[in-house]
Amino acid sequence: WLSCMCSLVCYADLQLDENFSEQRLAPEISYICSGVSHYTLDEAKTLNFAPLARKEISFGFTQSDCWFHFRATNTGDKPLALVLSSDFNLFDHLDFYIPSSGKIVKKSIGDTISYNQRELKVRTLSIPFTINAKETHDYYLHAKTSSTFYLPLQLSSYPEFINVNDKIDTLIGLFYGMVIGLFLYHLFLFILTREKVQLLYIFYVMNTLLFFAAEQGSLFRFWPTATTLNNFSIYTFAFLVFSSACLFTRTYLNTKESPRLHNFLKWLAFIFAISAFAHVFIPTRIVAPVMTSSGLFVIFLLFFISIKRWLDGLNEAKIFIISWGLLIVTGAYFIILLLSGGSGISNALIYTQIAFAAQQVLL
């Protein structure tokens, strides 16, 4: 009896009507993660779900497979068109079980599922559904991933989802436009000057742009059926960012005056370049935390190298310190959240993009 009462208390009960706009499911949603990978829906319904008690569904690299549950009631007199969404796109697989006309409809989405199968052809992981007037339903989700377990689930009315999604895509589009403009500008400079530093800078900018585009799901529509590429591309671009950043730094900061440091950056760039392609032969559950930790290491390493070169008397290092300092704050914050399972990862990614754009302008 106590067990049944506890499970009832854990169920989130959302009261919705025609004035509903949007709501984060955390911390209202309940969940269970331990040993549930092979459970069916009927088996999952018998489990004792626990309240999330977190601002967001964020478990870092400690979980890979979880079930979630929430209850929703349409208190209004009209059917509600809703969208369940997550704006973090590096999630392998999400099954959403929707009660409809006395049966259960399963809708699936994730970066391991073809983009062409999405009902909503948008950047985010989004599933539309409808709840009829004066009805109450229990909704279950089965989520599994091989990377960081971050799932900022949000329930929105269909019009509100489209409105917010358009605003965010406009902001992201402005960022892409700025970076592409800088890329073309420096490509033109390289054609004129043939300077090595320009070429390395172009390589760095291009890889970083592709990394953010993959991280935010913008690239998936360009290879809609290549789901394996979705899963691998983010790590390839990330390692290439680290490699190109090391090569650009050693040239821009003229580290030849410190031969050991100069060679260290060269070999580090080489290791990252090899990792960009060798990681496909290593399980993602190993590659993901290694890539994330490597990013934190590279950000701090290059920042401290720039300080050293400034103390050595290199005036150009001042701009590098300022531009890299902006990125170190936001980038390190983003990476630490990924590793620790913190909340606000999606916002941290936007801040990192803004810092990166500022870095490009300064450099």
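Specify the residue that is least open to solvent (accessible area, probe 1.4 Å); the eligible residues are those in region 10-46 that are more than 20 Å from Y158 (Cα to Cα) and among the polar types (S, T, N, Q).
S30
Considering only residues that are in contact with a Ser or Thr (Cβ under 9 Å, 6 or more places away or on another chain) and surrounded by fewer than 17 Cβ atoms within 10 Å (Cβ to Cβ), look in region 114-127 and name the one that is nearest to L155 (Cα to Cα).
Ranking the candidates gives E119 first.
So, in region 64-78, how many residues would count as being closer than 16 Å to Y31 by Cβ and open to solvent by 60 Å² or more (accessible area, probe 1.4 Å)?
1
Yes/no per residue for (1) hydroxyl-bearing (S, T, Y); (2) in contact with a Cys (Cβ under 8 Å, 6 or more places away or on another chain); (3) open to solvent by 60 Å² or more (accessible area, probe 1.4 Å):
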{"site": "S157", "(1), (2), (3)": "yes, no, no"}
{"site": "F161", "(1), (2), (3)": "no, no, no"}
{"site": "D169", "(1), (2), (3)": "no, no, no"}
{"site": "M178", "(1), (2), (3)": "no, no, yes"}
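Can you tell me which residue among S218, S244 is within 26 Å of L338 (Cβ to Cβ) and in a loop (DSSP other than H, G, I, E, B)? Write out each step before concluding.
Details: S244 fails: in a loop (DSSP other than H, G, I, E, B).
That would be S218, the only listed residue that is within 26 Å of L338 (Cβ to Cβ) and in a loop (DSSP other than H, G, I, E, B).
Given F49, F61, which one is at pLDDT 85 or above and surrounded by 17 or more Cβ atoms within 10 Å (Cβ to Cβ)?
F49 is the lone residue from the list that is at pLDDT 85 or above and surrounded by 17 or more Cβ atoms within 10 Å (Cβ to Cβ).
Counting only residues that are of a type in the set (K, R), give me the strands (runs of 3 or more DSSP E) lying completely in region 94-197 with at least 3 of them.
103-109
Check off (1) in contact with a helix residue (DSSP H, G or I) (Cβ under 8 Å, 6 or more places away or on another chain); (2) in contact (Cβ under 8 Å) with a residue 60 or more places away in the chain for G217 and give me the number that stays unchecked.
(1) is the only condition that G217 fails.
Based on this model, can you work out whether A81 counts as more than 26 Å from the chain's Cα centre (by Cα), open to solvent by less than 60 Å² (accessible area, probe 1.4 Å) and more than 28 Å from V122 (Cα to Cα)?
no
Rundown of residues vs (1) of a type outside the set (S, T, N, Q); (2) at pLDDT below 90; (3) in contact with a Gly (Cβ under 6 Å, 6 or more places away or on another chain), yes/no style:
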{"residue": "F149", "(1), (2), (3)": "yes, yes, no"}
{"residue": "L189", "(1), (2), (3)": "yes, yes, no"}
{"residue": "F203", "(1), (2), (3)": "yes, no, no"}
{"residue": "L210", "(1), (2), (3)": "yes, no, no"}
{"residue": "A213", "(1), (2), (3)": "yes, yes, no"}
{"residue": "Q216", "(1), (2), (3)": "no, yes, no"}
{"residue": "W223", "(1), (2), (3)": "yes, yes, no"}
{"residue": "N231", "(1), (2), (3)": "no, yes, no"}
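Show the residue pairs that are 6+ apart or on different chains and have beta-carbon atoms under 9 Å apart, the first residue being within region 194-210 and touching a residue at least 40 places away in the same chain (Cβ under 8 Å), the second being of a type in the set (D, E, K, R) and in a helix (DSSP H, G or I).
Listed pairs, sorted by first residue: L200/R250.
Could you tell me how many of the residues in region 78-91 are assigned to a loop (DSSP other than H, G, I, E, B) and at pLDDT 90 or above?
2
Among the aliphatic types (A, V, I, L, M), closer than 18 Å to Y115 by Cα and either open to solvent by less than 20 Å² (accessible area, probe 1.4 Å) or outside any helix (DSSP H, G or I) (or both) - does that describe any residue in region 248-260?
Within region 248-260 (the criterion being among the aliphatic types (A, V, I, L, M), closer than 18 Å to Y115 by Cα and either open to solvent by less than 20 Å² (accessible area, probe 1.4 Å) or outside any helix (DSSP H, G or I) (or both)), the answer is no, since none of the residues qualifies.
Mind listing whichever residues of region 218-230 are surrounded by fewer than 21 Cβ atoms within 10 Å (Cβ to Cβ) and within 14 Å of T112 (Cβ to Cβ)?
Within region 218-230, W223, P224, T225, A226, T227, T228, L229 qualify.
Can you name every residue in region 235-263 that is closer than 15 Å to S306 by Cβ and among the aromatic types (F, W, Y)?
F248, Y252
Would you confirm whether or not region 201-209 contains a residue that is out of contact with any Lys or Arg (no Cβ under 7 Å at 6 or more places or on another chain), under 25 Å from S21 (Cα atoms) and not in a strand (DSSP E or B)?
The answer is no; no qualifying residue exists.
The values are calculated or read from the model by the stated rules, or taken from the named source; none is laboratory data. Every value quoted in this text rests on a predicted model; they were computed, and no experiment measured them. Quick reminder, even Gly has a Cβ in these numbers, built from the backbone with ideal geometry, and neighbours come from all protein chains shown. Heads up: the accessible areas ignore ligands, DNA and RNA and are worked out on the full protein's heavy atoms, side chains in. Shrake-Rupley method; radii C 1.70, N 1.55, O 1.52, S 1.80 Å.
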